[in-house]
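Inspection log for the structure reproduced underneath, given as structure tokens.
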Amino acid sequence: MSDIYDLVKRYPWLPSLKTYYSDMASKDPLNFIKEIFTSDNFKNLKIKTLNIFNDAFNNIEEISDYDFDETNIYIYLILRILLYILNNKILSNRVANIYSKTTYNELNKENEYNLYYIYKDLDLEVLYEDFQTIYKKIVVKGQQEIYKTNFKISYIDYLKLASNLKDDYRKLVNNALRQGYVYIKPENLNRLLQEHVRMKLLAQKIVDSTNLNKFKEKLFEVQEFKDLYDSISEIWESKKEEFEYSLDITYKEGKDISKSFPPCIKEVITKAQEGQNLIHTERLFILWVLNALKYPEEKIVNVFSTLPDFDREKTAYQVKYAIKKGYTPYSCKSLKSYTLCMANKYKDKLCLEGYFSKKLQEQRQITHPMFYINLKQNKSTTKKNPEKKLNEKDG
Ligand code: SF4
């Protein structure tokens with residue numbers, strides 16, 4: 001069993017950081033950077049910080065060199081400052097994802113005592129019971145699965161932690177709720193903490209860019225820190241393009257068909273590119289769309305690799321399963337019922353006004369995103385080759 005002092009080194013986002021490392025945590029960021037980047041440790045810190053950015057840029061799923069000493073605290077604080085001044089959504093999401101995922105994996109290795117102290121330090125109303133409670137029984141392929149746990153969390157804290165994760169199975173009604181407490185396995189609670197840590201790294205919104213620039217200038221007076229910032233910016237410049245096209249949406253027969261995507265598809269793809277969470281329905285939708293467009297299995301798996309909770313093995317299995325079953329993507333009607341239709345948000349003319357059907361001699365509404373793609377593709381082919389008649393199909 002570790003004491004909270006050690007746990008803070010492992011998890012510097014814990015509130016006790018302020019108690020046990022008050023000198024470090026409450027220091028003015030400028031002084032903090034000055035101090036550590038002129039210390040003997042600066043080379044080590046620079047290498048480790050750069051490694052995290054490199055891992056994030058290369059879409060590695062876990063930080064390759066994660067230590068449990070005080071260095072970890074420094075790294076966490078440096079990351080927060082860097083993400084703030086870099087002010088780049090994609091980059092911040094990538095770093096926050098890899099960092100929070102590493103945290104999740106580390107939390108899952110902790111024993112129950114340590115976990116209990118971690119939950120308590122976060123001021124969560126979590127109770128540990130000596131005897132496990134069976135809170136769910138389901139039958140899968142004729143086999144009964146029993147869910148039991150020693151942990152329960154007050155529904156208020158559960159809701160706070162789960163507020164960013166919109167999946168149905170996380171809703172309170174779909175969880176074992178008794179007398180104000182949700183029964184939960186530690187790994188599921190840790191997944192909620194992963195999101196908490198991710199949000200902590202992303203939480204710093206820039207309100208005033210003049211202040212940000214002044215702050216940067218001050219920080220850059222520390223040459224070693226400026227060098228680190230420049231190295232990160234340099235790697236980002238070289239990777240940027242690759243990042244923006246990491247979904248390889250140009251696959252189809254060597255053509256870039258991304259311009260033909262309707263707003264509902266664009267929206268989910270952008271979220272995935274930025275490394276944001278996707279709810280289950282969004283994941284299924286994009287998986288079925290890419291499958292319908294005949295994207296290779298491996299490429300579909302890679303689309304999901306930027307997500308905060310990406311698990312290659314699980315995703316590969318789900319993709320294989322969906323391909324085998326040949327599911328078709330949701331229609332506009334279903335997408336509207338799932339609030340995934342983005343016609344209004346993108347003010348898309350084709351989605352909002354429909355198209356003129358020559359065959360029926362009337363204005364028709366778009367009923368399926370795949371039909372939208374077909375229509376756009378046919379139009380662009382006709383534009384390039386006016387001889388070619390528009391082979392128009394109704395959706
Ligand atoms: S109208 Fe259909 S294709 Fe267009 S954004 Fe909505 S759901 Fe997607």
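Result for the chain in a Gaussian network model with C-alpha springs under 10 Å: among Tyr229, Tyr76, Tyr321, the largest mean-square fluctuation is at Tyr321. Working from the Cα coordinates of segment 104-189, the gyration tensor eigenvalues give, after taking √(5λ), semi-axes of 21, 16, 13 Å in decreasing order.
Taking N as the residue count of the chain, its C-alpha radius of gyration divided by 2.2 N^0.38 Å amounts to 1.15. Taking every DSSP helix (H) stretch of at least 4 residues in the chain, weighting each as -39,500 (n - 2.57) and dividing the sum by the residue count yields a mean residue ellipticity at 222 nm of -17000 deg cm²/dmol. With a simple spin-label model that places each label point 7 Å from the Cα along the Cα-to-Cβ direction, the separation between Thr210 and Lys120 comes to 4.9 nm. Name the residues of segment 1-32 whose amide N is less than 13 Å from a point 7 angstrom out from the Cα of Asn111 along the C-beta direction? Output list for this probe position: 1-3. Distance between the modelled labels on Asn88 and His280, one decimal in nanometres: 3.6 nm (7 Å Cα→Cβ projection). Segment 290-366 has equivalent-ellipsoid semi-axes of 32, 16, 11 Å, by the square roots of 5 times the alpha carbon gyration tensor eigenvalues, sorted largest first.
Close amide-amide hydrogen proximity is noted between Ser357 and Glu362, Gln363, Arg364, each under 5 Å apart and 5 or more residues distant or on a separate chain (H modeled in the peptide plane; Pro and chain starts excluded).
Listed values for segment 158-163 are Karplus-derived 3J(HN,Hα) couplings in whole Hz (6.51 cos²θ - 1.76 cosθ + 1.60, θ = phi - 60°), namely 4, 4, 4, 5, 8, 4, and x replaces Gly and Pro. Measuring between alpha carbons in the structure, the pairs from Lys171/Lys336; Lys89/Lys240; Lys89/Lys239; Lys109/Lys299; Lys18/Lys271; Lys148/Lys171 lying more than 22 angstrom apart are Lys109/Lys299; Lys18/Lys271.
Can you sort Glu282, Glu362, Glu62 so the residue with the fewest Cβ neighbours within 10 Å comes first?
On the way: Glu282 21, Glu362 9, Glu62 14.
Ranking Glu282, Glu362, Glu62 by Cβ neighbours within 10 Å, fewest first, gives Glu362, Glu62, Glu282.
The length gained by stretching the chain between Gln132 and Tyr147 to full extension, at 0.36 nm per residue less their Cα-Cα distance, is 4.4 nm.
The Gln179 and Lys240 beta-carbon pair, evaluated with R₀ = 45 Å, returns a calculated FRET efficiency of approximately 0.30.
Annotation: the residues Met199, Met370, sorted from fewest to most other C-beta atoms within 10 Å of their own C-beta, follow the order Met199, Met370.
Each residue of segment 252-384 gets 122 Å³ once the volume of the Cα convex hull is shared out per residue. Relative contact order for the chain: 14 percent, from Cα pairs under 8 Å spaced at least 6 residues apart, divided by residue count.
Length gain on complete extension for the stretch Lys18 to Glu362, per 0.36 nm per residue less the alpha carbon to alpha carbon distance?
Numbers: separation 344, 0.36 × 344 = 123.84 nm, distance 6.74 nm.
Fully extending the segment from Lys18 to Glu362 adds 117.1 nm.
A simple rule links phi to the HN-Hα coupling: the Karplus curve 6.51 cos²θ - 1.76 cosθ + 1.60 with θ = phi - 60°, which for segment 174-185 gives 9, 10, 6, 10, 9, 6, x, 10, 9, 7, 8, 7 Hz, with x for Gly and Pro.
For Phe53, Phe42, what's the fewest-to-most ordering of other Cβ within 10 Å of each Cβ? It would help to have the intermediate numbers written out before the result.
Details: Phe53 22, Phe42 17.
So the residues, fewest neighbours to most, are Phe42, Phe53.
For segment 215-223, the Karplus equation 6.51 cos²θ - 1.76 cosθ + 1.60, evaluated at θ = phi - 60°, returns couplings of 4, 4, 4, 4, 4, 5, 5, 8, 4 Hz by residue, with Gly and Pro reported as x. The distance linking segment 282-328 with segment 142-195 is 26 Å (Cα centroid to Cα centroid, whole angstrom).
When a/c is below 1.5 the answer is rounded, else prolate if a/b is larger than b/c, else oblate, so apply that to segment 1-85 with a ≥ b ≥ c taken from the square roots of the Cα gyration tensor eigenvalues. Since a/c reaches 1.5 but b/c is at least a/b, the shape of segment 1-85 is classed as oblate.
None of the figures in this text is laboratory data; all of them are computed from the coordinates on show. Keep in mind it's a predicted model, so treat the numbers as computed, not measured. Cβ coordinates were reconstructed from backbone atoms using ideal geometry, including for glycine residues, and neighbour counts include every protein chain displayed.
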